[in-house]
Protein chains: 2
Amino acid sequence: MTTSVRVSTNQISQDYDVLIEPGAIDRIRALLPDAHTYAIITDTNVARLYAEKIRKQLTNAAVLTFEAGEANKNAETWQKLSDGLINHNAGRDTCIIAVGGGVTGDLAGFVAATYMRGVPVVQVPTTLLAMIDASIGGKTGIDIDGGKNLIGAFHQPHAVIIDPDVLRTLPKHELRYGLAEAIKHGAIADAAYLQWIADSMQSIDALESNAIMHLIQRSVEIKAQFVSADVQEAGARAALNFGHTIAHALERVTRYAMPHGEAVACGMVVEILSAEAAGVTEAGSGAKLVHALEGAALPAALPKGTNSSEVMAAMSTDKKARAGAVRYAIPARLGEFSADTEGNWTRPMPDDVVKGVLARLSIK
Amino acid sequence: MTTSVRVSTNQISQDYDVLIEPGAIDRIRALLPDAHTYAIITDTNVARLYAEKIRKQLTNAAVLTFEAGEANKNAETWQKLSDGLINHNAGRDTCIIAVGGGVTGDLAGFVAATYMRGVPVVQVPTTLLAMIDASIGGKTGIDIDGGKNLIGAFHQPHAVIIDPDVLRTLPKHELRYGLAEAIKHGAIADAAYLQWIADSMQSIDALESNAIMHLIQRSVEIKAQFVSADVQEAGARAALNFGHTIAHALERVTRYAMPHGEAVACGMVVEILSAEAAGVTEAGSGAKLVHALEGAALPAALPKGTNSSEVMAAMSTDKKARAGAVRYAIPARLGEFSADTEGNWTRPMPDDVVKGVLARLSIK
């Protein structure tokens, strides 16, 4: 006496556009979806620059701010922002506008994912890193004591609106951190783009319009390509983690004193040189990557005093390692990323090879 | 100089089966998906009855319990359970098993929805109400000061496993609460089923196997039909809210002293009699509904001392009313539910008509 009922869950398409347009923030009203009310979520730094500019274009918008800094990407801030929505009388017909860097996007995205079981969010990234990476793909989350982003949800944005003009108010080092991810995009998907970045560093650094537009567009295209292929991060999206296995370990051993962009730069170098040594990646790839990173003033060596044994230990407790050996996402050659013959998008590497490279890149 | 990149988000199908099988818990290992580890989430009452029975069938399972009661369906419990998963070293390859009533399903479902951006959950409902209602449809959430279920997510279960044998350990009043929803299913989708419930009350009350199997199966089919048609609750799923606009107001004015099943029973009667008076629903529908409810020993009148003005006031602050007038989900005749000519699945009704019915059903 067994019976079974099938529940089908045909989802409505959640495809969305990433719009890249200088001056977009000045006319954002025309770019936002219709909504009964809006809630602009931003941190105290970005609020000063853009919150009022956006709010005054809308008839019923609240501004909810939180203290800037990754330390505030926590459950307490998430609850306060959710309470703020209630006080604003926000309903399912409210649209959240996340204005800021990666911390704001993650936090506001998680608020949107969980308020009344999900309300729309438009991401308005204001750092290069957020524009080409965090704002696309629907990853949202907060940090808890147990680890970063351990609590979160996939919640696709309704749209991403990128105004490259805001990069003019961005500190130079933030631009460099973004370039680490752009270089990664070239390394995993487009060798010509990687070369173009290396060749165009002066124009990029001077924020020349054509160069910045191309940089953002090509990186967004690559990020979108991997995300579209693998929305729930079960396969090909792993390519975007190139450099990140080492990067997360570096961030942990430096107690997050090392900026993510620098950790990714270092991480890519360590991983690709290890992969060369292990015969996984074409020889000479590491040198080309280092050239591009150095052009962007990004580090190709470990921070002074880093202990390679500590880095190895930090990796073995990383969440990606839970099922066993530490795994790495590594391109077979610059601009090419594919699964191995068994369909795995990540691979283990011998610990002694990785440790050797770490030791070689340590500044004594 | 505007450019736009499309991000496609083709979702993997998340269809799932609701299995109904007496004794399913005794052989649950064979029914669960493969997973690296399991985490059984349950409350202190249900833990005593079923946690060990399930745990001992699995090689790597933790039991995470929380104090029984709706009052604990909050952010604090959610955080504790998430911490419990971290301590159990749970990863994305962990399967959560939610064993209990609606509170457990909502809470464990929300933990699953937000742990590492989503891990699979199998719902094992142990009350009739949870079997035929809460466990199906992917609604998860917690209560906050601002209101019930204001924080939550849609997170479809990997499967729902219903063991009707557990109803033998269920207090009789819990069975009645479940019958309120079963009667609702008949009222919105299947008049013959409604009649069958009224005619079969003795067999149901005696937990006769054939009657219970039919009851669960037909209600699950109806719930699944509405949920499948409208996964994100944008349209037809509104039918499932029949009786609930009044029910939520009754729960609020009684400060949740009135059990949900009784509130839904009352709510359906008030709403259908109002709809008859307003000419929306076929005359005589209310009398048939009252007959079925009374057969299940469910109330067709308001709790003693209920003030109809308070109920009206509670509705106007209900979240469904945010956009303006209070709206109701009401069948046109018993067993039939459809959108109006403008495509609306809910409709307003004159306040004085509703208030008149409330006053008439009040026990002085």
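Between the alpha-carbon centers of the stretch B:128-156 and the stretch B:72-111, tell me the distance in whole angstrom. If we compute the Cα centre of each part, the gap is 13 Å. Translational diffusion coefficient of chain B at 4 °C, 1.567 mPa s, Stokes-Einstein with Kirkwood Rh over Cα pairs, in µm²/s as a whole number. This corresponds to a translational diffusion coefficient of 61 µm²/s. When only the Cβ of Lys, Arg, Asp and Glu is charged (+1, +1, -1, -1), the dipole of the stretch A:80-199 relative to its Cα centre reaches about 160 debye.
Helix A:209-229 and the longest principal axis of the Cα set of chain A meet at an angle near 90°.
The stretch between B:Ala359 and B:His36, if pulled fully straight at 0.36 nm per residue, gains 110.5 nm over its current Cα-Cα span. For B:Ala62, the amide hydrogen comes within under 5 Å of the amide hydrogens of B:Tyr38, B:Ala39, B:Ile40, counting only partners 5 or more places away or on other chains and with H modelled in the peptide plane. Stretched out straight at 0.36 nm per residue, the stretch from A:Ala206 to A:Arg29 would grow longer than its current Cα-Cα span by 60.8 nm.
Dipole magnitude of the stretch A:1-57 about its Cα centre, charges +1 at Lys/Arg Cβ and -1 at Asp/Glu Cβ only, in debye to the nearest 20?
200 debye
Taking B:Lys148 as the anchor, which aspartates and glutamates have their alpha carbon closer than 15 Å to its alpha carbon, excluding any fewer than eight residues away along the same chain? Cross-link targets: A:Asp83, B:Glu70, B:Glu76, B:Asp106, B:Glu251, B:Asp318. For A:Ala30, the point set 7 Å out from Cα toward Cβ sits 6.6 nm from its twins in the other copies, listed from shortest up. Each helix, a run of at least 4 DSSP H residues, gives -39500 (n - 2.57); summed and divided by the residues of chain B, these come to -12000 deg cm²/dmol at 222 nm. With θ taken as phi - 60° and the Karplus curve 6.51 cos²θ - 1.76 cosθ + 1.60 applied, the whole-hertz 3J(HN,Hα) list for the stretch A:94-102 is 9, 10, 8, 10, 9, 10, x, x, x Hz, x standing for glycine and proline. Just checking the listed ones, A:Asn72, A:Asn210, A:Asn149: in the Gaussian network model of chain A with Cα springs under 10 Å, the one fluctuating most is A:Asn210.
Using the average count of surrounding beta-carbon atoms within 10 Å as a protection proxy, the listed peptides B:170-176, B:113-119, A:59-65 rank, highest first, as B:113-119, A:59-65, B:170-176.
Residue by residue, the stretch A:19-29 carries 3J(HN,Hα) couplings of 9, 10, 7, x, x, 4, 5, 5, 10, 5, 3 Hz when phi is fed to the Karplus relation 6.51 cos²θ - 1.76 cosθ + 1.60 (θ = phi - 60°); x denotes Gly or Pro. For the stretch B:30-159, the Kirkwood estimate of hydrodynamic radius, built from reciprocal distances between every pair of different alpha carbons, is 14.2 Å. Charge tally around B:Ile54: other residues with Cβ under 15 Å, Lys/Arg +1 each, Asp/Glu -1 each, net 0. Taking the label point 7 Å along Cα→Cβ, A:Asp352 and its counterparts in the other copies are spaced 9.2 nm apart, in ascending order. Under a Gaussian network description of chain B, with springs only between Cα atoms under 10 Å, the residue in B:Tyr193, B:Tyr256, B:Tyr177 that fluctuates furthest is B:Tyr256. For the peptide B:82-88, the mean number of other protein chain Cβ atoms found within 10 angstrom of a residue's Cβ is 3. A cut-off of 5 Å between modelled amide H atoms, ignoring neighbours fewer than 5 places along the same chain, links A:Ile20 with A:Ile162, B:Thr3, B:Ser4, B:Val5.
Of the candidates B:Val269, B:Val99, B:Val166, which one comes out as most mobile in a Gaussian network treatment of chain B with C-alpha springs shorter than 10 Å? Ranking B:Val269, B:Val99, B:Val166 by mean-square fluctuation puts B:Val166 first. With 20 Å as the limit, the listed pairs A:Lys73/A:Lys139; B:Lys184/B:Lys355; A:Lys80/A:Lys223; B:Lys139/B:Lys223; B:Lys53/B:Lys80; B:Lys304/B:Lys355 have B:Lys184/B:Lys355; A:Lys80/A:Lys223; B:Lys53/B:Lys80 beyond it between alpha carbons. The calculated pair-distance distribution of the stretch B:18-72 uses every alpha carbon pair, bins of 10 angstrom beginning at 0, and gives 22, 50, 26, 2 percent. Charging the Cβ of each Asp and Glu at -1 and of each Lys and Arg at +1, and nothing else, the dipole of the protein assembly as shown about its Cα centre rounds to 780 debye. When its C-alpha radius of gyration is set against 2.2 N^0.38 Å (N residues), the protein assembly as shown gives a value of 1.04. For the stretch B:1-110, trypsin sites (Lys or Arg not before Pro) meeting the loop criterion (DSSP other than H, G, I, E, B) and having at most 12 other Cβ atoms within 10 Å: B:Lys56.
In order along the stretch A:112-124, the Karplus-derived 3J(HN,Hα) couplings, from 6.51 cos²θ - 1.76 cosθ + 1.60 at θ = phi - 60°, round to 5, 5, 10, 7, 6, 6, x, 10, x, 10, 10, 8, 10 Hz, and Gly and Pro are given as x. The tail of the calculated P(r) for the stretch A:176-285 beyond 17 Å holds 59 percent of all Cα-Cα pairs. With a 10 Å cut-off around each Cβ of A:69-81, the average count of Cβ atoms from other chains is 1. If you sort the three axes of the alpha carbon gyration tensor as a ≥ b ≥ c, you get a/c of 1.5 or more for the stretch B:262-364 and a/b no higher than b/c, which makes it oblate. In a DSSP loop and with at most 10 other Cβ atoms within 10 Å, the GluC sites (Glu not before Pro) in the stretch A:282-354 are A:Glu342. Legend: mean number of C-beta atoms from other chains within 10 angstrom of residue C-beta atoms, peptide A:144-155, equals 5.
Close amide H pairs (under 5 Å, H built 1.01 Å from N) link A:Asn149 with A:Ile142, A:Asp143, A:Ile144, residues at least 5 positions away or on another chain.
Placing a label point 7 Å from the Cα of B:Thr169 along the Cα-to-Cβ direction, the distances to the matching points in the other copies come to 6.0 nm, shortest first.
How far is the Cα center of the stretch A:13-50 from the Cα center of the stretch B:1-58, in Å? A separation of 37 Å, based on Cα centres.
Every number in this text was worked out from the coordinates using simple rules, so none of it is lab data. Bear in mind that the values here come from a model prediction, so they are computed numbers and not experimental data. FYI the Cβ positions are ideal-geometry reconstructions off the backbone, even for glycines, and counts take in every protein chain you see.
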